[in-house]
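**Student:** Following this message is one structure expressed as structure tokens.
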Amino acid sequence: MYNIPLEDLPEGMSTFEYVLERKFFDAIEGEEVRKGNVAVVVHVKRSSATFELNFEIKGVIQIPCTRCLDDMDQEVDTRNRLIVKFGEEYSEESDEIVIIPEDEGEINIAWFLYEFIALTIPIKHVHPAGECNRIVSSKFRKHRAVSTDGDESEDNEGGGDEDFAEEEESRSNDPRWDALKGLDFEDN
């Protein structure tokens, strides 16, 4: 279904459209993404023996929140390019250049689509404030490390998302490092 018959394409521009849903993500068996609804438009420009594939990928995927592990929606909006050439055997010359056997004459783009989508996922992906699983958030808050000045606020009994932001900010103002701030390194 995701095969593009390169040898049969006419010179110039050809367009292919796909909708990637749960069936696609189940079949690809990738680690990061299991569900989604993503529209893909692939523009293929053929010139003699070279094919330039330009991908427009836009939609929503569901991935686990790094804080509470519940599924969350992550928008996908990316553009990618792939250059395909015919050769003796399959090889990836670089991130953008792929050589495929001339006797095959087609390329399956399924794994490329998945990789382009997976690369859009930020390292830290969390629900917006107040939307994390409250039970997991309260357990996390109960077991997290607390600064020595005891400046932990418990007035947000619900999700605790605001506490996480305050905690990250307070780490940069750790009073244990205040003694080092007065050191003069210029005398060495």
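**Student:** Under a plain spin-label model, where a point goes 7 Å from the Cα along Cα-to-Cβ, how far apart in nm are GLU104 and MET13?
**Tutor:** Roughly 2.8 nm, to one decimal.
**Student:** Under the rule of at least 5 residues apart or a separate chain, name every residue whose amide H is placed under 5 Å from the amide H of ARG34.
**Tutor:** GLN62
**Student:** Taking 41 Å as R0, compute the FRET efficiency from the Cβ-Cβ separation of ILE83 and LYS124 and round it to 0.05.
**Tutor:** 0.80
**Student:** Another question, if that's okay. Going through the cross-link list LYS23/LYS139; LYS58/LYS139; LYS23/LYS58; LYS142/LYS181; LYS35/LYS85; LYS23/LYS142, which pairs have a Cα-Cα distance over 29 Å in this structure?
**Tutor:** Values: LYS23/LYS139 34 Å; LYS58/LYS139 35 Å; LYS23/LYS58 17 Å; LYS142/LYS181 31 Å; LYS35/LYS85 32 Å; LYS23/LYS142 39 Å.
From LYS23/LYS139; LYS58/LYS139; LYS23/LYS58; LYS142/LYS181; LYS35/LYS85; LYS23/LYS142, over 29 Å: LYS23/LYS139; LYS58/LYS139; LYS142/LYS181; LYS35/LYS85; LYS23/LYS142.
**Student:** What spacing in nm lies between the two simple spin-label points modelled at GLU32 and LEU183, each 7 Å away from Cα in the Cβ direction?
**Tutor:** Calculated label separation equals 3.9 nm.
**Student:** Among residues other than SER14 whose Cβ falls under 9 Å from its Cβ, what is the net charge (Lys/Arg +1, Asp/Glu -1)? Could the numbers behind the result be given before it?
**Tutor:** Working: positive: LYS45, ARG46; negative: none.
So the surrounding residues net to +2.
**Student:** Next up: Using R₀ = 25 Å, calculate the FRET efficiency as 1/(1 + (r/R₀)^6) where r is the Cβ-Cβ separation of ASN133 and GLU75; round to 0.05.
**Tutor:** It comes to 0.75.
**Student:** Between TYR90 and GLN62, what FRET efficiency comes out of the Förster formula 1/(1 + (r/R0)^6) with R0 = 25 Å and r the beta carbon distance, rounded to 0.05?
**Tutor:** Once rounded, the FRET efficiency stands at 0.20.
**Student:** How would you order 42-54, 89-101 from highest to lowest mean count of nearby Cβ atoms within 10 Å?
**Tutor:** With the highest mean Cβ count within 10 Å placed first, the list reads 42-54, 89-101.
No lab work stands behind these numbers, since they all come straight from the coordinates. Since the structure is predicted, the reported quantities are computational estimates derived from the model, not experimental observations. So basically every Cβ, Gly included, is an ideal-geometry build from the backbone, and we count neighbours across all protein chains shown.
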